[in-house]
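For reference, the structure is listed below as structure tokens.
The values are calculated or read from the model by the stated rules, or taken from the named source; none is laboratory data. Computed from a predicted model, the values in this text were never measured in an experiment. Note: ideal-geometry Cβ built from the backbone for every residue, glycine included; neighbour counts use all protein chains shown.
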Amino acid sequence: MKKSLNNTIIPDPLIKTIQKRLYDGKQIRRTLPQKGRLHIDQILPFLIVYRRPLQNEEKGTARLVRSESSYLIGSTSMKMKPSLNKLVETIADTLSQEKEAFLLIEIWSIPVTSLNRINENNRPSQGFRIFTQPSNSPKRTIEVLRKALKRVIVHKCLPEVEVVYQNKIWPPKLTPLIPSKTVKKMNWFTVGLEISPIYCNPSTGEVYPLVLRSFHRKLSLAIKRAIFEFLRSETTIRPKHYLSLGKRKLAKAVWEVDKELANVSNLFDFLLQVSPTNTESAWLKFKRGRFQTEPSFEYRPLPIDPSLVKSQLYKISIEKIEDPAIADIFYEKRLELDRKLNMLTDQGTSNFFYGSLQLFGTVSQEQVSFAKNILSKFRPYSHDESAKNFLGAGKFAELAKKEINYYAQKYPGFKSNVLVCSDVTGLMVSRGNLLIGKNIKIPALRTEALLQHEIGTHVLTHNNGRLQPFKQLYTGLNNYDEIQEGLAVISEYLVGGLTRPRLRILAGQLIATYNMIQGASFIDTFRELDLIYNFNQYTAFSITARVYRSGGLTKDAVYLRSLLNILKYLGEEDDFNILFIGKISFSHIPLIKELIHRQVLTRPPILPRYLDNQNCVERLESLKDGRTVFDLIERRKRK
């Protein structure tokens, strides 16, 4: 009998322990009876509550509170009611003593069978009802919540939001968690939030996982905005940003998934695997054959079995993660790894090309027109302006090591090796190490630009990512090339090394990619670059070989596209440094900023050396005024 009782009530000793920990400013993470849970990781005067029905529970609603920094999941059991009420009142009393007020938001959903209203898209109508007392309402908080809920748009369904003023502000057939008299006496506020569970199938009650994730993320932001307003208008607390109200202590499942995804990422280097090892000899043979026979490329043996790695990949339990935003970036990464593994399996076939389109995207007509404009505006020189002096692999390796030593001395823990390789063409960063092709010849004028491209961007962001708790920031979040390559090219401009020939190569890469997508052969694309756009034959071959490698890789179109996106970003945003936090994409920046506010991540500890140079800083500031790609070259010319 005693055992049964302990399974249906919250023991007084546990409530006292929770009270003491809150008094001491300590975090709370406790499992409660009846599948309950209490989580408080910021000592602030608010609590989000969900009472789990004993029968016919809607499966998704409990998850909606789990991403908040202060939440309680209880039970509707009548046996638990006294102890649950005591726990809630104890929390309210403890957290409000120094904060002057307290906010309790209780969330519940209407029965799935009530989802009988259909909108013009033939989907259940989405809606919210906010319940607040007419005589004791945090009016500004309610208004902010109402406006924020209007932004919870899923599948283009505009939500209906109604504010209901009444004394009964708890779920149907239940009783209040805190008596109304106590609420008024103590300057506490209670708000009820009734949700139409659009994330459920109205007929079966089954959850639509992707809809729930999207809904959860947007609802969480709405709740944070309301709490932010409550703290600022009803207490003396002044949080810097509403995003700082999110969880600071992430669940163990997050770090486990992060580690497991990183382990899979580290099993292979995709770019190294799909790059030829015989580019130089293939060029010589192509040239001897008077450019009539398509070259044959050789590649490294695969160090993995893609099918076995995919099996390992899909054993990772991302679904256990409560935070919808973090879960989303992990799902994205898994899909990206899945596509890369498919491409490695399909290397040398047409399926590799189709996988590349999924991974790196296609090329638009607008981008093609822009690239052709560059090639028309910047005509080729009879002699490259930067071709007066060249550095070989050995000399460039010395300069690269010197650059890395600069960072290593200034930032302990900065690690990178420089390797001269016979099976690499040009320059490549692999797992934070700089690989230099042994036959490389680098124009002296381009030396500093290439050092900042490879080390000041790719190596630096790898090391910044290593210094963050998330391993994905150094292995790379999904679609990270969009920022990496644009940032790398911008660095070339900032140090005065973005030449006309360099910009022409970026345009040539995009044109070659477009030609391949349209079905042109290797030889056709080479001839167009050679005869129509007047690239020298070795450069035309190098561009074409990069695009057609392994069956067709559309990645090289990213360089010019991402340069345009970086310029657009600099014209709209003022936070350049955040781009160096690790390997991220533009879509991840809002989440990265949120995790910084939540003190899960820190600002980038390592910044490029060129940002210590006043001339470079002035160039960067000029980009914030809204510059075009053509301005980069023209401004350099005038200087």
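A count restricted to the range 48-68 and to residues that are in contact with a helix residue (DSSP H, G or I) (Cβ under 6 Å, 6 or more places away or on another chain) and closer than 27 Å to Y23 by Cα stands at 2.
Residue by residue, here is whether (1) of a type in the set (S, T, N, Q); (2) at pLDDT below 95; (3) touching a strand residue (DSSP E or B) at 6+ places or on another chain (Cβ under 7 Å) holds:
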{"site": "Y548", "(1), (2), (3)": "no, no, no"}
{"site": "D575", "(1), (2), (3)": "no, yes, no"}
{"site": "K583", "(1), (2), (3)": "no, no, no"}
{"site": "I606", "(1), (2), (3)": "no, no, no"}
{"site": "Y610", "(1), (2), (3)": "no, no, no"}
{"site": "E618", "(1), (2), (3)": "no, yes, no"}
{"site": "S622", "(1), (2), (3)": "yes, yes, no"}
{"site": "D625", "(1), (2), (3)": "no, yes, no"}
{"site": "I633", "(1), (2), (3)": "no, yes, no"}
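Out of contact with any Lys or Arg (no Cβ under 7 Å at 6 or more places or on another chain), surrounded by 15 or more Cβ atoms within 10 Å (Cβ to Cβ) and among the aliphatic types (A, V, I, L, M): does that describe I633? Spelling it out, it is not the case that I633 is out of contact with any Lys or Arg (no Cβ under 7 Å at 6 or more places or on another chain), surrounded by 15 or more Cβ atoms within 10 Å (Cβ to Cβ) and among the aliphatic types (A, V, I, L, M).
Whether a residue is in a strand (DSSP E or B) and either crowded, with 17+ Cβ neighbours inside 10 Å or touching a Pro at 6+ places or on another chain (Cβ under 7 Å) (or both) was assessed, and L84 does not pass this test. For the range 511-523, filtering for residues that are closer than 19 Å to Q365 by Cβ, surrounded by fewer than 21 Cβ atoms within 10 Å (Cβ to Cβ) and of a type outside the set (V, I, T) leaves 3. Looking across the range 19-59, the residues that are touching a strand residue (DSSP E or B) at 6+ places or on another chain (Cβ under 9 Å), modelled with pLDDT under 90 and surrounded by fewer than 17 Cβ atoms within 10 Å (Cβ to Cβ) come down to K35, L54, K59.
Listed residues K139, K224; which is of a type in the set (K, R), surrounded by fewer than 16 Cβ atoms within 10 Å (Cβ to Cβ) and in the same structural domain as P111 (by TED's automatic domain parsing)? Checking each option against the conditions leaves just K139.
Surrounded by 18 or more Cβ atoms within 10 Å (Cβ to Cβ), among the charged types (D, E, K, R) and farther than 30 Å from A253 by Cβ, is that true of D323? Spelling it out, it is not the case that D323 is surrounded by 18 or more Cβ atoms within 10 Å (Cβ to Cβ), among the charged types (D, E, K, R) and farther than 30 Å from A253 by Cβ.
K181 fulfils the conditions (1) loosely packed, with under 15 Cβ neighbours inside 10 Å; (2) under 23 Å from H588 (Cβ atoms); (3) at pLDDT below 95 except for a single criterion, (2). Taken together, the criteria exclude R561 from residues that are farther than 30 Å from M516 by Cβ and either under 18 Å from the mean Cα position of the chain (by Cα) or assigned to a helix (DSSP H, G or I) (or both).
Restricting the search to helices (runs of 4 or more DSSP H) fully inside the range 576-639 and requiring at least 1 residues that are closer than 30 Å to R238 by Cα gives 589-597.
Could you please let me know if S542 is more than 20 Å from V368 (Cα to Cα) and either surrounded by fewer than 21 Cβ atoms within 10 Å (Cβ to Cβ) or not basic (K, R) (or both)? Considered against the rule, which asks whether it is more than 20 Å from V368 (Cα to Cα) and either surrounded by fewer than 21 Cβ atoms within 10 Å (Cβ to Cβ) or not basic (K, R) (or both), S542 comes out as no.
Considered as a group, the residues in the range 402-419 that are in contact (Cβ under 8 Å) with a residue 24 or more places away in the chain and buried (at least 18 other Cβ atoms within 10 Å of the Cβ) include one that is farthest from N613 (Cα to Cα), and that residue is S416. Determine whether the range 45-65 contains at least one residue that is in a strand (DSSP E or B) and polar (S, T, N, Q). No: the range 45-65 contains no residue that is in a strand (DSSP E or B) and polar (S, T, N, Q). Only a single item in (1) over 19 Å from the mean Cα position of the chain (by Cα); (2) surrounded by 18 or more Cβ atoms within 10 Å (Cβ to Cβ) is not met by K240, and it is number (2).
The number of residues in the range 141-191 that are under 23 Å from L231 (Cα atoms), of a type in the set (A, V, I, L, M) and in a loop (DSSP other than H, G, I, E, B) comes to 5.
Within the range 268-315, being over 24 Å from N536 (Cβ atoms), in a loop (DSSP other than H, G, I, E, B) and without any contact (Cβ under 8 Å) to a residue 60 or more places away in the chain holds for E298, P301, L302, P303, I304, D305, Y314, K315. The condition (being modelled with pLDDT of 95 or more and of a type in the set (G, A, S)) is satisfied by just one residue among S587, S542: S542. Taken over the range 229-267, the criterion of being under 20 Å from N187 (Cα atoms) and either touching a Cys at 6+ places or on another chain (Cβ under 7 Å) or without any contact (Cβ under 8 Å) to a residue 40 or more places away in the chain (or both) is satisfied by R232, R238. For the residues G465, G497, the requirement of being touching a helix residue (DSSP H, G or I) at 6+ places or on another chain (Cβ under 6 Å), small (G, A, S) and crowded, with 23+ Cβ neighbours inside 10 Å singles out G465. From the list I91, I105, the one residue that fits, being in a strand (DSSP E or B), surrounded by 20 or more Cβ atoms within 10 Å (Cβ to Cβ) and modelled with pLDDT of 90 or more, is I105.
For G361, indicate whether it is surrounded by 15 or more Cβ atoms within 10 Å (Cβ to Cβ) and over 27 Å from S296 (Cβ atoms). Considered against the rule, which asks whether it is surrounded by 15 or more Cβ atoms within 10 Å (Cβ to Cβ) and over 27 Å from S296 (Cβ atoms), G361 comes out as yes. The requirement of being of a type outside the set (D, E), farther than 27 Å from I40 by Cα, surrounded by fewer than 20 Cβ atoms within 10 Å (Cβ to Cβ) and in the same structural domain as E100 (by TED's automatic domain parsing) is satisfied by P202.
If you go through the range 289-309 and keep only what is surrounded by fewer than 17 Cβ atoms within 10 Å (Cβ to Cβ), of a type outside the set (S, T, Y) and closer than 23 Å to D269 by Cβ, you end up with E298, R300, P301, L302, P303, I304, D305, L308.
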